[in-house]
Amino acid sequence: MKYLQCGRYRFPMSGKQSKTLVMGVLNVTPDSFSDGGRYLKLESAISRAEQMIEDGVDIIDIGGESSRPGSQALPLDEELSRVMPVIYALRDCGKPLSIDTYKPQVMREALLAGVDMINDISGFRSEEVIRAVQNSDAGLCVMHMQNLPDTMQVSPAYEDVNQEVTAFLRERIVALEQAGIERERICLDPGFGFGKTLEHNVAMFGHLSQFQSELGLPLLVGMSRKSMIGALTGRAAPERLAGSLAAALAARQHGAKIIRVHDVAETVDAYKVWDTLSQAFSMNV
Ligand code: 7PJ
């Protein structure tokens, strides 16, 4: 696990040069049907991305379809019309672009437009999806999800969540490698909140370093503002920043290599302070 190959970028994953990467969430929110509305949405997505760059983001994760619990699938044309203008506008922004999608047609278009990473919440489950990413050098984030967003939180159930997530991820790595995809392009995500109760999420968190050692690939973790933070703090989504920062620090401490967050500036600040203080500690012992 020396590098993660992400299109035009190649990130060291171990050794002195490696650092935890902060992936910033760029949601391209529903458009109004007028052209004016579309233009304003594009403009606000771009200025949000510029702000994230100023704040120290490492990867920008563009998403057109909400995958919050209970959300419905978005028609292909609508997803493309939300994300493609943003990809074209940002492709030379100096930071790698990731696309958060499970649709092979969106993956193909996004790769043609130059994205560096494909973040598939359904974990590259079909042959068609694998074919869409096969002949590229984009990074791939393979995430575990039980069921689909519209029903996944109705009654998540596992005999052993860690064992089942590990088995799924392992099987997907094999399928991707059989399609000729280099291991260096793959990172893994247990999928916090995707068909998991609070207990499942906590159990997966406790298993983070084993996921990494058993599967031997970098881990991406997304807990930012999720309902597990709400359940632990009793707070609604807009008030989950402090809880999300604690989760981001803890995930990094347990070996996560990429942290997917909404609050880039705050997460980068927390890491800077943590690094300096923990180095000071190690110099004194
Ligand atoms: C995740 C994601 C996550 C990865 C979303 C939200 C829901 N992709 N896309 N991991 N979550 N890889 O941000 O609350 O946890 S959308």
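Just to confirm, what accessible area per residue do you get for the chain at 1.4 Å probe, in whole Å²? The partial results should precede the final answer.
Working: 13310 Å² over 285 residues.
Dividing the accessible area of the chain by its residue count gives 47 Å².
Given the C-alpha atoms of segment 70-123, compute the convex hull and give its volume per residue in Å³. Walk me through the numbers on the way to the answer.
Details: hull volume 4.4 nm³, N = 54.
Dividing the Cα hull volume of segment 70-123 by its residues yields 81 Å³.
Can you grab the distance from the C-alpha centre of segment 157-172 to the C-alpha centre of segment 181-253, Å, no decimals? When both Cα centres are located, 15 Å separates them. Would you mind telling me which residue in ASP61, ASP120, ASP150 has the biggest mean-square fluctuation in a Gaussian network model of the chain, where springs connect alpha carbons within a distance under 10 angstrom? Looking only at ASP61, ASP120, ASP150, the biggest GNM fluctuation is shown by ASP150. The ellipsoid that matches the Cα gyration tensor of the chain has semi-axes, each √(5λ) in whole angstrom, of 26, 23, 21, with the longest given first. Rolling a 1.4 angstrom probe over the protein chains, ignoring ligands and nucleic acids, what is the accessible area of THR197 in square angstrom, nearest 10? Number for this one is 40 Å².
For segment 235-283, report the % of Cα-Cα distances exceeding 15 Å. Walk me through the numbers on the way to the answer.
Numbers: 567 of 1176 pairs.
Considering segment 235-283, 48 percent of its Cα-Cα pairs are separated by more than 15 Å.
How much of the pair distance distribution for segment 177-279 lies past 16 Å, counting alpha-carbon pairs only, in percent? Here the long-distance tail beyond 16 Å is 60 percent of all Cα pairs in segment 177-279.
Comparing GLN17, GLN178, GLN153 in a Gaussian network model of the chain where C-alpha atoms under 10 Å apart are linked, the largest mean-square fluctuation is found at GLN17.
What helices does the chain hold that run 27 Å or longer along their axis, going by alpha-carbon atoms, with a Kyte-Doolittle average of -1.0 or more, using DSSP H for the helix calls? Display every interim value, and only then the final one.
Numbers: long enough: 35-54 (29 Å, -0.60); 264-284 (30 Å, 0.00).
Long hydrophobic helices here: 35-54, 264-284.
Rg(Cα) of segment 1-139 divided by 2.2 N^0.38 Å? Rounded to two decimals, the normalised Rg is 1.05.
Here are some pairs, LYS95/LYS226; LYS16/LYS257; LYS2/LYS257; which of them have Cα atoms lying more than 20 Å apart in this structure? Write down the numbers at each step before the final one.
Details: LYS95/LYS226 25 Å; LYS16/LYS257 14 Å; LYS2/LYS257 12 Å.
Beyond 20 Å: LYS95/LYS226.
A 1.4 Å probe, protein heavy atoms only, puts the accessible area of VAL165 near 0 Å². Put +1 on the Cβ of each Lys and Arg and -1 on the Cβ of each Asp and Glu in segment 153-278; which of GLN210, ALA247, ALA270 then has its Cα farthest toward the positive end of the dipole? Checking the options against the dipole of segment 153-278, the answer is ALA270. Using only side-chain charges placed at the Cβ, +1 for Lys and Arg and -1 for Asp and Glu, the dipole size of segment 1-100 relative to its Cα centre rounds to 600 debye. What residue among SER81, SER66, SER244 has the largest mean-square fluctuation in a Gaussian network model of the chain, using Cα springs under 10 Å? Between SER81, SER66, SER244, it is SER81 that shows the largest mean-square fluctuation. Overall size of segment 143-193 from C-alpha positions, given as principal axis extents largest first: 37, 22, 15 Å.
For segment 96-212, would you read off the P(r) tail past 24 Å as a percentage of all alpha carbon pairs? If you can, show how the numbers build up before the last one.
Working: 1779 of 6786 pairs.
When all Cα pairs of segment 96-212 are counted, 26 percent exceed 24 Å.
Per-residue ellipticity at 222 nm from helix content only, as computed over the chain with -39500 (n - 2.57) for each DSSP H run of at least four residues, stands at -14000 deg cm²/dmol.
The values are calculated or read from the model by the stated rules, or taken from the named source; none is laboratory data. Because the structure is a prediction, the values reported are computed rather than measured. Neighbour counts run over all protein chains shown; Cβ positions are idealised from the backbone, glycine included. Only protein heavy atoms, including side chains, enter the accessible area calculation; ligands, DNA and RNA are left aside. Shrake-Rupley method; radii C 1.70, N 1.55, O 1.52, S 1.80 Å.
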